[in-house]
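The values are calculated or read from the model by the stated rules, or taken from the named source; none is laboratory data. Owing to the predicted nature of the structure, the values given are computational and were not obtained by experimental measurement. Calculation scope for accessible area: heavy atoms of the full protein, side chains included, ligands and nucleic acids excluded. Shrake-Rupley method; radii C 1.70, N 1.55, O 1.52, S 1.80 Å.
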Amino acid sequence: MMIATRGIALPPLAFGPAATSSMTMDPSRVAEPPAGAAEPSAPRTLPQNTRAMGRDEFLKMLVAQLKHQDPLNPMDGKDMAAQLAQFSTVEQLIQMNKTLEAQQGREGEIIDAITALGETQSSRTDELARLIEGQMAVGTVGKIGVTLGNSTFVDRHGNGPVVVDTGSRSGAGRLTITNAKGESRTVTVGPVKAGQQSFELDDYFEPKLPAGKYTYTFEVATDGGQYQAVKTYTAGRITGIKYDNGNPILIIGDVLTVPMSQLTQLRA
């Protein structure tokens with residue numbers, strides 16, 4: 001059967017065994033299935049970026065993208081603007097990071113400088129305080145130094161001060177003085193006023209007390225009542241100074257020593 005299509009005669013289609021045999025594939029050309037179990041493919045290891053993308057890498061990537069783009073289908077202007085904006089942002093972040101790092105470095109230097117200055121000023125302040133205290137200690141020599149305690153020093157002339165604070169009490173006073181051997185002598189002193197006051201030992205003891213260090217107690221009987229102890233002070237004439245670790249120590253008499261910081265009064 002002939003099929004005519006626009007004046008062109010086409011050969012008749014062949015059906016049947018002959019046609020089937022002509023379409024049969026050569027068995028020798030059929031691929032044989034692989035023998036054995038299929039081996040799993042090894043997992044791919046993706047390269048890892050060990051450092052963040054910087055300004056130069058970003059710029060190189062953008063240039064390469066422009067260089068290899070399709071001329072017939074160039075990059076859209078909006079995409080170009082977006083990438084340029086990203087590049088500008090990256091640039092600003094890099095500069096900001098550098099600025100912050102520089103500021104942190106300067107802040108550390110400033111803190112170190114302030115700390116060093118504070119230590120230097122503290123050291124100089126201590127030195128100045130010791131210098132002033134030393135100058136003041138020199139000016140005390142020859143004067144009567146007073147501090148808390150119950151000791152006094154009698155010089156070779158029998159002179160020695162006793163400083164007491166009777167508070168609100170007034171009336172007859174009683175002074176008991178004891179030498180280094182434990183020997184005591186008691187005298188009556190009066191009338192005694194209220195408040196802080198001093199007495200010279202050579203005015204009350206006859207014969208004069210030998211030179212040396214003494215301890216004492218002082219009592220006051222108000223309105224003829226019983227004697228009651230009052231507050232006492234350690235006093236004596238300052239004869240010199242010495243230094244202990246840079247701190248001035250006052251020498252009262254020959255053996256009595258009082259730190260300058262413990263001096264409460266200075267009498268002429």
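Values computed for the structure shown
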{"quantity": "Pairs from Lys143/Lys242; Lys143/Lys213; Lys181/Lys213; Lys181/Lys208; Lys181/Lys242 whose Cα-Cα separation, in the structure shown, is over 22 Å", "calculated": "Lys181/Lys242"}
{"quantity": "Accessible surface of the range 151-245 [probe 1.4 Å, protein heavy atoms]: carbon and sulfur percent", "calculated": "45"}
{"quantity": "Partner lysines for Lys67 [C-alpha distance under 18 Å; skip if fewer than 8 residues away on the same chain]", "calculated": "Lys78"}
{"quantity": "Gained length - Thr176 relative to Thr188, 0.36 nm times residue gap less alpha-carbon distance", "calculated": "3.4 nm"}
